1. Can you tell me which condition A:ASP54 does not meet? The list is (1) away from chain B (no Cβ under 14 Å); (2) over 21 Å from the mean Cα position of the chain (by Cα), and all the others hold.
2. Please find, within the range A:97-116, the residue that is surrounded by the fewest Cβ atoms within 10 Å (Cβ to Cβ) out of those that are of a type in the set (Asp, Glu) and away from chain B (no Cβ under 14 Å).
3. Count, please, the residues in the range B:231-277 that happen to be away from chain A (no Cβ under 14 Å), over 29 Å from B:LEU192 (Cβ atoms) and of a type in the set (Val, Ile, Thr).
4. Please list, ordered by residue number, the helices (runs of 4 or more DSSP H) wholly in the range B:21-122 having 1 or more residues that are within 14 Å of chain A (Cβ to nearest Cβ).
5. How many residues does the range B:188-228 contain that are more than 14 Å from chain A (Cβ to nearest Cβ), among the β-branched types (Val, Ile, Thr) and touching a Gly at 6+ places or on another chain (Cβ under 8 Å)?
6. When the range A:189-204 is examined, which residues are found to be away from every other protein chain (no Cβ under 14 Å) and assigned to a helix (DSSP H, G or I)?
7. Anything in the range A:353-380 that is basic (Lys, Arg) and in a helix (DSSP H, G or I)? List them, or say none.
8. Being over 24 Å from B:TRP87 (Cβ atoms) and among the β-branched types (Val, Ile, Thr) is the filter; apply it to the range B:160-196 and report the residue that is surrounded by the most Cβ atoms within 10 Å (Cβ to Cβ).
Amino acid sequence: MNQTRHRRRINQGRAAAAIAVTAVVLAGCSTGSGGPQQGTGQIHVAANAAPSHDQCMKTVVDDFKKNTGIDVVVDSIPYSALRDKYLSGFAAGAGDYDLVDIAFQWTGEFADAGFLEPIDKGELSGLLPSAVDQYSYKGKQYAVPLQSGIMGMFYRTDVLQKLGAEYPKNWDEAEKLAATITADPSLKGMKPFALMGDRSQGMANFNSIYRGLGGKPLENENAEPNPLDVSTAARTLDLIRTNLKEYSPSGALAAGFADTPPLFASGQVAFLPAFDASPGNLFEQDSSTNAVKGKYSFAPLPGGAGDLGGFGLAIPTDSKNKENAKKFAEYMASPEVDVKCAANNGRGPVRETTFSDKSAIAANPVLPQLKTALEAGVKRYTGAKGGTLNDLVDTYTNRYVAGDFPSAQAAAEQLAAEIAKVK
Amino acid sequence: MLLPAVVLLAWLIGYPFISSVLLSFQQARLGRDATWAGLDNFTRMFADSEFYSSMGTTLVFAFSAVTIELVLAWLLALLLWNTLKRWGSLFRMLFTIPMLLSPVVVGVVWRVLLNPQYGWIPALIGDQQLDLLGTPSTALVTMIVIDAWQWTPFLFLIISAGLSGLSDEVLEAAKLDGATGLRLFGQVVFPLTLPVTIVAILFRLLDALKTFDLPFNLTQGGPGNSTQTIAIYLYRQAFTRYDQGYAVAISLIATCLLAAIALSLLGILRRAERKVS
């Protein structure tokens with residue numbers, strides 16, 4: 001009797017173990033919730049977790065479904081995790097996403113590796129040429145612009161009026177004005193600039209100032225790096241260092257996107273070199289801490305050049321719903337969505353007509369000036385080795401400012417040598 | 001019977017290791033098949049000044065942080081063992097709070113606390129020009145202090161456990177022989193808890209030599225390269241420049257060097273333990 005009971009218990013244990021193992025194996029074999037369904041009217045979109053990206057998309061997906069019958073599932077991913085997630089997904093060929101929200105500087109890398117599907121450029125007429133061009137590589141188009149971006153200058157119009165000065169046309173005038181602001185006791189310790197000194201912003205500062213000083217484009221038409229002009233690069237590094245260490249508030253060396261706009265909004269600085277999307281609606285808020293409402297404008301950086309930015313929607317080659325994905329990407333760049341997201345979510349417009357739309361201007365009064373700046377924007381490295389090249393400039397700019405080199409000339413020479421080695 | 005387990009372990013540990021070693025001899029570009037590069041990655045690394053500076057930063061960080069943590073942990077453990085015995089459980093609970101926080105949270109929170117514009121620490125000190133994380137000469141020291149704040153409790157718990165395990169009879173006998181204060185500590189308490197101390201140092205040192213989360217979230221390795229540890233440098237090579245063959249070569253050499261350092265230290269400490277006993 002006891003032996004029978006004992007044998008029964010053993011068999012029950014074996015059955016439980018078998019069920020558990022089967023459950024684990026089946027769970028491991030099941031597809032993730034992010035996987036697209038093959039050949040159905042549903043697409044999965046990976047979007048940057050930011051108001052002008054995922055939130056903007058989520059407000060229009062219902063209308064899109066009503067018009068086309070295509071269901072859109074939006075996955076929000078923080079920017080810091082976006083590139084790594086794409087690289088691991090592309091390398092695995094998982095086909096998790098039908099449409100991916102890419103930063104412009106990844107275009108060449110991903111396209112050269114065969115991860116992105118080329119699209120017909122002809123269907124992008126009506127969009128800003130500078131925005132469209134950000135996603136082209138070796139003559140082919142790889143994404144539909146989702147958001148435009150340009151490094152420009154927010155500046156205090158009342159401060160310039162008080163000083164009887166005009167907006168500086170070049171960097172020599174900008175440095176003279178910075179010295180005047182620093183020396184003027186009536187400005188109560190206001191700093192001239194709030195530069196972003198964070199390592200990741202080195203390239204944005206460098207490209208804008210280098211090109212503004214007359215430096216040649218960083219890459220040729222084949223997206224290969226041009227030799228760096230060492231003397232212009234040295235002057236650029238010196239300007240960045242002076243503006244960070246002497247003319248920006250304490251903490252500038254570690255300041256990023258989120259740190260500098262509040263300095264401008266609180267009236268601590270006169271000039272804010274920033275990407276247009278950085279401040280959001282901060283400068284238009286009605287609050288006791290907002291010292292700039294109605295007293296600021298936006299212009300291209302001195303010298304006229306600004307680092308072009310932006311994001312686009314690209315179709316991975318392993319997508320199983322390419323046609324539907326393309327429809328949604330084009331819908332996101334349509335006139336009505338461009339205006340809606342510019343007015344409600346702070347998106348940098350991608351259509352020329354949006355810059356003169358009343359509702360968009362009401363949300364962002366500097367839109368007309370933004371269009372002027374975008375037309376003069378300059379590209380950074382966007383080719384197959386863009387990641388490496390942009391990182392080199394970030395690194396050397398940050399290291400020079402931190403004092404790792406005896407002179408700007410030495411830093412520029414070493415940077416030029418490193419760029420020349422990249423193949 | 002053991003064969004399936006051995007095969008599984010060999011596959012889980014051996015296969016990734018052998019693949020890594022093979023990758024270190026190759027050039028791996030994004031989306032392309034890797035090509036054989038021989039010793040190119042290694043010769044490049046040994047000529048790379050940034051590799052040496054990152055290793056140097058890692059060693060300075062690890063040894064400084066662990067030394068400070070050890071001293072503080074001993075002081076706290078002795079304080080609770082003798083003076084504040086009644087409140088021991090409460091203080092132990094409070095002391096372990098920093099250790100429970102994620103390194104990412106620690107990095108982000110301290111970055112906010114130290115911000116010259118809106119951080120509490122410059123405001124409390126009354127100096128809004130104080131930029132500890134933005135100044136190359138103070139950034140590494142600040143990172144060491146933050147690491148000590150977070151991980152001293154870890155050493156404290158291990159050392160406390162060692163102190164609790166000391167025999168009362170031995171301590172009584174020593175006191176009867178006239179050993180008190182520093183003499184009691186130096187000739188009885190410390191030698192008896194040396195094995196526990198060695199274990200604590202080894203655990204903490206191996207962890208500190210691999211540090212990535214704290215510098216990544218606090219300073220991104222900046223300003224300049226002042227807080228760039230070897231883990232940050234290797235991450236940059238692998239995921240920003242996508243130079244995976246080079247990144248793996250760095251990781252292999254760095255692992256060997258750091259393991260050699262850790263084993264040498266262990267040998268020195270063991271010899272000291274034998275001498276004392």
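1. Result: A:ASP54 passes all but (2).
2. Here the answer is A:ASP98.
3. Summing the residues that are away from chain A (no Cβ under 14 Å), over 29 Å from B:LEU192 (Cβ atoms) and of a type in the set (Val, Ile, Thr) in the range B:231-277 gives 4.
4. In the range B:21-122, B:40-46, B:49-81, B:103-113 are the helices (runs of 4 or more DSSP H) which contain 1 or more residues that are within 14 Å of chain A (Cβ to nearest Cβ).
5. So the count comes out to 3.
6. Across the range A:189-204, the qualifying residue is only A:ALA204.
7. Answer for the range A:353-380, where residues must be basic (Lys, Arg) and in a helix (DSSP H, G or I): A:LYS358, A:LYS371.
8. It comes out as B:VAL188.
The values are calculated or read from the model by the stated rules, or taken from the named source; none is laboratory data. It should be emphasised that the depicted structure is a prediction, and the values quoted were computed from it without experimental measurement. Quick reminder, even Gly has a Cβ in these numbers, built from the backbone with ideal geometry, and neighbours come from all protein chains shown.
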